[in-house]
Amino acid sequence: MKFINLTRRTEIGANTYYLEAAGQRFVLDCGMHPKEEGEESLPNLQVLGDRKLNAIVVSHAHLDHIGTLPVLMRRQPNARIFMTEATAEIGSALLHNSVNVMTRQREELGMVMYPLFTHREADRASDRWQSCPFRQPFTLAGERAQPQEEGGLTVEFVEAGHVLGAAGVLIRAEGRTIFYSGDVNFDDQTVTQAAAFPESGVDVLIMETTRGDSPLPEGFTRAAEERRLAEAIERAFSRGGCILMPVFALGKTQEVLGMIYKFRREKLLGEFPIYIGGLSVKMTEIYDRWAMTTRRLLPRLQLLEELAPFVLNGQTIHDSPARAGRIYALSSGMMTPKTLSNIFTRRVLESPEHSIFFVGFADPESPAGILKAAKPGDLVSLDLDEPAQPLRCQIEQFQFSAHASRESIIRYVKKLAPKKIVLVHGDLPAVHWVRTQLVAELPGSEVIVPAPGVEMEL
Ligand SMILES: [Zn+2]
Ligand SMILES: [Zn+2]
């Protein structure tokens, strides 16, 4: 069995992995780098050479996993594309949004190679996707696998607990079982239920390591963290300000809405207006549509109906003042320049009565990461086209990551005890921490950090 890491560096980039087994060639995920631009934002597809792919299997719809799928599909017109049903719905909306973002970047930044694909290509791409239910093995010919199928290769999606539709990918081939975690969470969130990953029978595990560099605080529980958030919202409102939460449109927005619903139900907080972005509305509609038919918590909760959020978009954001007693849960989560959260931050940054609450992961080099690390009074620049501003508003941080804690990753891998463990989807310090732990705890297993672009035998 052959494996190539098609990311350009050991990092959370354009996550894409090549596998060859039982005479079949396929790729797991085809992401877009969240920080790089142009060619550098693509996976290293040149490494594939003239290999013809039988299939592309997508774990979930975050752009670092699906963002350049139309580009790879253009180069591999005969490959079949597989993902879960919810991922197909979400992915199509996110790819169209990505075309809009790239088109704006072409106009504003003169990026001539943008957009990397067009709306028409995104449409044509999603027409070719084949959506598959969880826990039903299928073949790369797109047929339901027969039990005890000998010698062939089968693929099965299992719930990954990360965001709606997210799957781990279980591959059986050549008498062995390979399991790709995608992005995983082993603990319940507020809406999304914990992963239901296999706990035995895996020979090769390809594992994400996003949080390998961040230890869980002593005594941490999600319930206590939710209470801490409710109290902080109360305090922020009583100061006479509003709260900005930079959130991802997919996942964190719906978790925040779910938490606010719980706070109201438990009488921790009263009613107050909530604002979200247009793309987040689309994502939340999909969550609501799938509420009763996916494995999740609060299955009867219809978020849009219950919380009735107001909607801001690229135009209305410019004349929306920051008003007291409101929550603005706006994307992007990383506060990328020109996004709603970045624009709104400039409106609240210098006002001591307003607050910014960070509720999830932010890359340290992103504007959100820079702001997280800033001290009161520091001059911060979150968009090079705009003047720097002094930080005078309140900043608070909470831990509601959609990714597995590093402690839960180690627990899971120890229980599974695969013969080979391939560590991916983490920055160098994160990957190294997980590697060091596993080498010590599982002396019988081989722990591999796959060099980018190098073909290896698994
Ligand atoms: Zn993800
Ligand atoms: Zn990811």
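A few comments on the model shown:
- Evaluated on the chain, the Kirkwood hydrodynamic radius is 22.6 Å, with distances taken between all distinct Cα atoms.
- Proximal lysines relative to Lys52, as straight alpha-carbon distance under 23 Å, when same-chain residues fewer than 8 apart are discounted: Lys2
- A straight chain from Ala22 to Val112 at 0.36 nm per residue would run longer than the Cα-Cα distance by 28.3 nm.
- Along its first, second and third principal axes, ordered by size, the stretch 222-397 spans 47, 29, 29 Å in Cα coordinates.
- Approximating the spin labels as points 7 Å out from Cα along Cα→Cβ, the Ser214-to-Arg235 distance works out to 2.0 nm.
- Summed over qualifying helices (DSSP H, 4 residues or more, each -39500 (n - 2.57)) and divided by its residue number, the chain shows a 222 nm mean residue ellipticity of -9000 deg cm²/dmol.
- In a simple Cβ point-charge model (Lys, Arg +1; Asp, Glu -1; nothing else charged), the stretch 294-442 has a dipole of about 920 debye relative to its Cα centre.
- Ordered by the number of other Cβ atoms lying within 10 Å of each residue's own Cβ, fewest first, Thr190, Thr7 fall into the sequence Thr190, Thr7.
- Looking at the chain, the DSSP beta bridges with both ends there are about 45 percent antiparallel.
- Sparsely packed trypsin sites (Lys or Arg not before Pro) within the stretch 230-290, loop by DSSP, other Cβ within 10 Å at most 10: Lys267
- Kirkwood-type radius of the stretch 157-303, with distances r between different C-alpha atoms, in Å: 17.3
- Beta bridges by DSSP in the stretch 222-397, antiparallel share as percent, to the nearest 5: 10
- Relative exposure of Arg222, Arg406, Arg300, judged by other C-beta atoms within 10 Å (fewest first): Arg300, Arg222, Arg406
- Calculated FRET efficiency for the pair Lys375/Gln315, C-beta based, R₀ 41 Å, to 0.05: 0.75
- From most to least packed by mean Cβ count within 10 Å, the peptides 129-140, 436-447 give 129-140, 436-447.
- Each of Asp127, Asp203 was scored by other Cβ atoms within 10 Å of its Cβ. Arranged with the fewest first, they read Asp127, Asp203.
- Spin-label pair Glu407/Lys419, simplified geometry with 7 Å Cα→Cβ offset, distance in nm: 3.3
- The chain, relative contact order in percent, only Cα pairs under 8 angstrom and at least six apart counted: 17
- Within a straight-line Cα-Cα reach of under 21 Å, Lys282 can be paired with the following lysines, leaving aside sequence neighbours fewer than 8 residues apart in one chain: Lys252, Lys338.
- Taking a straight Cα-Cα cut-off under 16 Å and skipping sequence neighbours fewer than 8 places away in the same chain, the aspartates and glutamates within cross-link reach of Lys35 are Glu11, Asp64, Asp363, Glu365, Asp383, Asp427.
Throughout, read-outs are computed from the coordinates displayed, never taken from laboratory work. These figures come from a predicted structure and were not determined experimentally. Note that each Cβ is placed from the backbone with ideal geometry, even for glycine, and that neighbours are counted across all protein chains shown.
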